[in-house]
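Since every read-out is calculated from the coordinates, none of them should be taken as a lab result. This one's a predicted model, so the numbers in the text were calculated from it and none came from an experiment. We place every Cβ from the backbone using ideal geometry, glycine too, and count neighbours over all the protein chains shown.
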Amino acid sequence: MEDKKLAIIATKGSLDWAYPPFILASTASALGYETQIFFTFYGLQLLKKKLALEVTPLGNPGMPMPMGMDKWFPVLGLALPGMQGMMTAMMKKKMKDKGVASVEELRELCQEAEVKLIACQMTVDLFDMDHSEFIEGVEYAGAAAFFEFAGESDICLYI
Amino acid sequence: MADFDQELDASGLNCPLPILRAKKTLNAMDSGQVLHVVATDPGSVKDFDAFAKQTGNELMESKEEGGKFHFLIKKS
């Protein structure tokens, strides 16, 4: 039987949204799927050698805030300088305490499992990024290349 | 608990790490050998069941004991 295929488009560049593509891709590989992730726009941040991903409470009413902070800090409070850094530090600590893997670790597991990581060349150019900013093993391509794989896929996700 | 050839302690690890570590350990084992996985993630019960069904490795035993989850997986 031919391997099943999973195609993912990763478009978001925040700490919380870094998880779904890497968790699903690494797990799919463990289950025998051939997997590709196509990174475009802010998703390119997930391919940087040095990850500087943050999480923001802004515009995110679903985010659980510690100590009822959402009641004490209405929207303007959440926009204060330093709030994003603080929320990021708290989120990272919580993840560590709960045994959740780091994004770096999941990304390495994906690479070990031969998940193909493809960066959208158009958005690399758009943001004046350089290939040297990205980890080894990334391939660079465009929309047509994505469809070559996605068209044959069993599951296709836009994240 | 029946005999096993290798043991993997995935205690304290959360989804999807127990599955990924188990897969990696199984890769280095021979067909017919049995892996004993210990995990604390309650989600791992359904996950190891699904992992076995999709990979063809046999889940010989799945049980909770002393607050931990134990799985015996025979490599196909």
Flagged in the range B:1-32 as touching a strand residue (DSSP E or B) at 6+ places or on another chain (Cβ under 8 Å) and facing chain A (nearest Cβ under 10 Å), in numbering order, are B:10, B:11, B:13, B:17, B:18, B:21, B:22, B:26
Please pick out the residue among A:4, A:12 that is in contact (Cβ under 8 Å) with a residue 40 or more places away in the chain and over 22 Å from residue A:140 (Cβ atoms). A:4
Within the group B:75, B:23, B:68, which residue is over 9 Å from the mean Cα position of the chain (by Cα), of a type in the set (Lys, Arg) and surrounded by 17 or more Cβ atoms within 10 Å (Cβ to Cβ)? B:75
In the range A:10-36, anything within 10 Å of the chain's Cα centre (by Cα) and not in a helix (DSSP H, G or I) is listed as A:10, A:11, A:12, A:13, A:14
If we ask which residues in the range A:92-132 are within 14 Å of another protein chain (Cβ to nearest Cβ) and hydrophobic (A, V, I, L, M, F, W, C), their number turns out to be 9
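Quick one: would you say residue B:35 is away from chain A (no Cβ under 13 Å), in contact (Cβ under 8 Å) with a residue 40 or more places away in the chain and either assigned to a strand (DSSP E or B) or under 10 Å from the mean Cα position of the chain (by Cα) (or both)? Before the answer, list the steps.
Numbers: away from chain A (no Cβ under 13 Å): yes; in contact (Cβ under 8 Å) with a residue 40 or more places away in the chain: yes; either assigned to a strand (DSSP E or B) or under 10 Å from the mean Cα position of the chain (by Cα) (or both): yes.
Yes; evaluated as a whole, the condition is true for this residue.
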If you check residue B:63 against the conditions, is it among the basic types (Lys, Arg) and within 13 Å of chain A (Cβ to nearest Cβ)? no
